[in-house]
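Okay, here's the structure, questions in a sec.
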Amino acid sequence: MLLQVCSSGKEFLSGIMKKDHFIKRCMLLCFGLLVMAFGVAFSIKAGLGTSPISSLPYVASLLTPLTVGTATIVMHCALIFLQIAILRKNYNPYQLLQLPVAFLFGYLTDFSLWVIQSISPSSYTSQWLLCVLGIILVGIGVSCEVAAKVVVLAGEGLVLAVCQTFPLEFPSVKISFDCSLVMLAAVLSIVGLEYLTGIREGTIAAAVLVGIVAKHTNKLFMQKFIDHYFPQTVS
């Protein structure tokens, strides 16, 4: 079934000529999702605010019986539907691979929170240590996701859909998207919980630093990894 879905994305797979290379890229994507999930978990444990993409699922988990991972899955499904609504006939069915990726990322997020459930920061300094660790892990995970060149998460997919439909640049749309998630999370938190949670200085730090970590990870390590393990597979 996976290979049948992949065959519909002919343009995307034009540079990936061998089945074993595609499988390896899927493994790299799964590794990146696991690392990213632990990054989200550490950010939540730090208590200094989650990354923008996780702020809404985190607040939703406090307002509903849903776990953070399940709320993440629901949000990603909604983002996929928005992509379809925006692109319409231009929507590539291959991008439906975002759906199983969303489920995997959600389950890995809950798994990561379970693994580190005993960790409890005892000071503001230890909170920042966990926050920084979370930022680094999310950045590394994003680098793996991008390098895998299989499919992007639904958040980035929506940003790309907007850029494909309207004459807008990716950085501007990405910033607007992240800000929208944070503002929506803030409104839900204040209205539903009557106090602000999940959005603090750590959220700002994540918004600024995750991209930088991902960029340097790709420059210092990931590109060499791809060149070594996937030679001449991408045009």
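Run down 150, 142 and say which single residue is of a type in the set (Val, Ile, Thr) and out of contact with any Leu (no Cβ under 7 Å at 6 or more places or on another chain). Let's see the steps before the verdict.
Working: 150 fails: out of contact with any Leu (no Cβ under 7 Å at 6 or more places or on another chain).
Selected residue: 142, the only one of 150, 142 that is of a type in the set (Val, Ile, Thr) and out of contact with any Leu (no Cβ under 7 Å at 6 or more places or on another chain).
While we're here: Filter the stretch 152-171 down to residues that are open to solvent by 10 Å² or more (accessible area, probe 1.4 Å) and within 22 Å of residue 71 (Cα to Cα) and give me whichever is farthest from the chain's Cα centre (by Cα). Can you show your working first?
First, the residues of the stretch 152-171 that are open to solvent by 10 Å² or more (accessible area, probe 1.4 Å): 152-153, 156, 158, 160, 162-171.
The next check asks that each one be within 22 Å of residue 71 (Cα to Cα); those that pass are 152-153, 156, 158.
Details: 152: 8, 153: 5, 156: 8, 158: 12 Å.
In this case the residue turns out to be 158.
Now a separate question. Being at pLDDT 90 or above, out of contact with any strand residue (DSSP E or B) (no Cβ under 6 Å at 6 or more places or on another chain) and part of a helix (DSSP H, G or I) narrows it down to one residue among 171, 121, 100; which is it? Quick ask: steps written out before the conclusion?
Details: 171 fails: at pLDDT 90 or above; 121 fails: part of a helix (DSSP H, G or I).
Among 171, 121, 100, only 100 is at pLDDT 90 or above, out of contact with any strand residue (DSSP E or B) (no Cβ under 6 Å at 6 or more places or on another chain) and part of a helix (DSSP H, G or I).
A quick yes/no check of all residues on (1) within 19 Å of residue 198 (Cβ to Cβ); (2) of a type outside the set (D, E, K, R); (3) within 19 Å of the chain's Cα centre (by Cα):
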site: 39; (1), (2), (3): yes, yes, yes
site: 42; (1), (2), (3): yes, yes, yes
site: 57; (1), (2), (3): yes, yes, yes
site: 77; (1), (2), (3): no, yes, yes
site: 85; (1), (2), (3): no, yes, no
site: 90; (1), (2), (3): no, yes, no
site: 116; (1), (2), (3): yes, yes, no
site: 127; (1), (2), (3): yes, yes, no
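Going through the stretch 161-176 one residue at a time, which ones are within 21 Å of residue 55 (Cβ to Cβ) and free of Cβ contacts under 8 Å to residues at least 60 places away in the same chain?
170, 171, 172, 173, 174, 175, 176, listed by residue number.
Go through the stretch 34-60 residue by residue and tally those that are within 19 Å of residue 118 (Cα to Cα), touching a Ser or Thr at 6+ places or on another chain (Cβ under 7 Å) and part of a helix (DSSP H, G or I).
Result for the stretch 34-60: 7.
Looking at the stretch 30-47, I want the residues that are more than 12 Å from residue 140 (Cβ to Cβ) and of a type in the set (Lys, Arg) and have a partner that is assigned to a helix (DSSP H, G or I) and open to solvent by 30 Å² or more (accessible area, probe 1.4 Å) with Cβ atoms under 9 Å, at least 6 apart or on another chain. Which pairs are those?
Pairs that qualify, where the first residue is more than 12 Å from residue 140 (Cβ to Cβ) and of a type in the set (Lys, Arg) and the partner is assigned to a helix (DSSP H, G or I) and open to solvent by 30 Å² or more (accessible area, probe 1.4 Å), are 45/113; 45/127.
For residue 79, state whether it is in contact with a Leu (Cβ under 7 Å, 6 or more places away or on another chain), part of a helix (DSSP H, G or I), modelled with pLDDT of 95 or more and aliphatic (A, V, I, L, M). Write out each step before concluding.
Details: in contact with a Leu (Cβ under 7 Å, 6 or more places away or on another chain): yes; part of a helix (DSSP H, G or I): yes; modelled with pLDDT of 95 or more: yes; aliphatic (A, V, I, L, M): yes.
Criteria met by residue 79.
Next up: If I go through the stretch 197-235 residue by residue, how many of them are modelled with pLDDT under 85, at positive phi and surrounded by 14 or more Cβ atoms within 10 Å (Cβ to Cβ)?
0
List, please: which pairs have Cβ atoms under 6 Å, are six or more places apart or on different chains, and start with a residue in the stretch 90-102 that is small (Gly, Ala, Ser) and end with one that is part of a helix (DSSP H, G or I)?
Here the result reads 102/73; 102/76; 102/154, each pair linking the stretch 90-102 to a residue that is part of a helix (DSSP H, G or I).
Please verify whether residue 194 is among the acidic types (Asp, Glu) and surrounded by 17 or more Cβ atoms within 10 Å (Cβ to Cβ), treating the condition exactly as stated. Before the answer, list the steps.
Numbers: among the acidic types (Asp, Glu): yes; surrounded by 17 or more Cβ atoms within 10 Å (Cβ to Cβ): no.
So residue 194 does not fit the description; no.
Working only within the stretch 105-117, note down all residues that are open to solvent by less than 60 Å² (accessible area, probe 1.4 Å) and in contact (Cβ under 8 Å) with a residue 60 or more places away in the chain. Lay out the reasoning, then the answer.
So the first thing to find is which residues in the stretch 105-117 are open to solvent by less than 60 Å² (accessible area, probe 1.4 Å), and the list is 105-106, 108-110, 112-113, 116.
Across the stretch 105-117, the qualifying residues are 105, 108, 109, 112, 113, 116.
The values are calculated or read from the model by the stated rules, or taken from the named source; none is laboratory data. In this text the structure is predicted, and so the values were computed from the model without any measurement. All Cβ positions, even for glycine, are placed from backbone atoms using ideal geometry, and neighbour counts span all protein chains on display. Protein only, heavy atoms only, side chains kept; ligands, DNA and RNA dropped before computing areas. Shrake-Rupley method; radii C 1.70, N 1.55, O 1.52, S 1.80 Å.
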